[in-house]
1. Counting heavy atoms of the protein chains only and a 1.4 Å probe, report the per residue accessible area for segment B:12-56 as a whole number of Å².
2. Could you give each residue of segment A:145-160 its phi-based ³J(HN,Hα) in whole Hz, using Karplus coefficients 6.51, -1.76, 1.60 with θ = phi - 60°, and x for Gly or Pro?
3. For the A and B pair, go ahead and give the buried accessible area with a 1.4 Å probe, both sides summed, in Å² to 100.
4. For segment B:134-179 and segment B:208-229, what is the separation of their C-alpha centers, rounded to whole Å?
5. How much of residue A:144 can a 1.4 Å solvent probe reach, expressed as accessible area in Å² and rounded to 10?
Amino acid sequence: MDPVGLETIEDWYQRYGSSVLLRCRQLLGQEAQAWDAMHQTFVRAIRYRHKYQGTGTPLGWLHSIAWRVCLDELRRRKRQACPGAELPREPGAVSTGDPESAVVAQRTVAWLMPRFREQIQQMVYLRYFDELEIDEIAQQMGVSVRTVERRLGHFLEKSRRLLGQEDSHGIA
Amino acid sequence: MGSPDDRRRVSAQLIERYVTGELDAGGRAEMSRLAAADSALAARIAEREAEHRAFLVDARRRPYADLLREAGQPMRRPSQRLLWGISALAAASALVVVAVMVVPEAIEKPPDQVRLKGKPGVQAAVLHQGQTRLLTSGENLEAGDRLRLVVDDPRGGFVTVLLQDCGGEVAVVYRPEEIGRVTAGRIELPGSIELDAAAGTERLFVIVSDELPDPAAWQRELEIAFERQGIHHDWLPAGQDRAHLLEWSKARP
């Protein structure tokens, strides 16, 4: 594959910028920081464009950069208090129900993610933000369905402990 | 490319791939079918499409040149022209965004800001540093400004928009087949035109045609007209095509 040029990245900025911004907004919650993260994603894409191999989609590649940019920010915030929300009752439940609760639940998930290792983070991201089914996550990540179920179960179990709110929030 | 499956919820990832044009033809058709049968899904897609369009004219979005600078990349050469066709948003809202970098030249005020052939009215809204205003005669624009066009034609037809820079190069900003035949009345063209880089006089031709035209022929005619008469040539399309000309001088910010 030919190396990605600056014009291509500029095209992607127009075409995928809104999608990248949406993901940054979901992960960071704060509008100004989401815009900063979106811009930073494209700055990194310009710098590291030679690393795009064309094996995945441009959107997937940009989302992976945005993910790392946002994780850096979330790690920086790690010591801050949880945004005071509840976890979704089950993976995939984020986008159902009323939108406000969904946003709150996503922010809680985003707050929790830096506390887990990268493979679990990726699964959580695909489940709670991309809203993929378990088998779709397994397929994208090249692992078994059982592995995804086990890792997401671990995420929920440890998250309950971290939040210390099992009773008050009734986390499933 | 995967296609959606009726038996499961359509994921956010799939919606994004649809809205940004990453799904293949089969996937797009399947999503359109699902959206037609599911008003909640259709609303979700419409919301994301609207957000995409709003993003392109949002004042918080930094010009690409800024990002290049921050990334430590050299600026592109003057006179370089970039053209993107973005089929991502939806079939009915194909979007083309253009950034133009022109050879620096002395800024000259156009003697005739707007000329008409026939009666298509065109309004251009300028987004400049977060403020929106209508483009007025003799106005100077700056790199990074964005233009959104509203075309008002009593007959309707195919809309083509061509941009000629001060070096005479012509780009097709909106292709007629992308927008399709529009009905009589006002239509806001999707997306926006982003002006970039160096100073110079630029001209935008908005042409409405009864039949599907060939923009390549107009491109050649415009370039020949430029060679003969310079930027202020008197070219207009032949036949029944109705034309509206916008002209501005562009300065560095």
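The values are calculated or read from the model by the stated rules, or taken from the named source; none is laboratory data. Please read all numbers here as calculations on a predicted model, not as lab measurements. Areas reflect the complete protein model, heavy atoms only, side chains present, ligands, DNA and RNA absent. Shrake-Rupley method; radii C 1.70, N 1.55, O 1.52, S 1.80 Å.
1. Details: 1830 Å² over 45 residues.
Result: 41 Å² of accessible area for each residue.
2. 4, 4, 4, 5, 4, 5, 5, 5, x, 4, 4, 5, 5, 5, 5, 4
3. Working: alone 9680 and 12690 Å², together 18830 Å².
Protein heavy atoms only, the A-B interface buries about 3500 Å².
4. For segment B:134-179 versus segment B:208-229, the Cα centre distance is 14 Å.
5. The accessible area comes out at roughly 60 Å².
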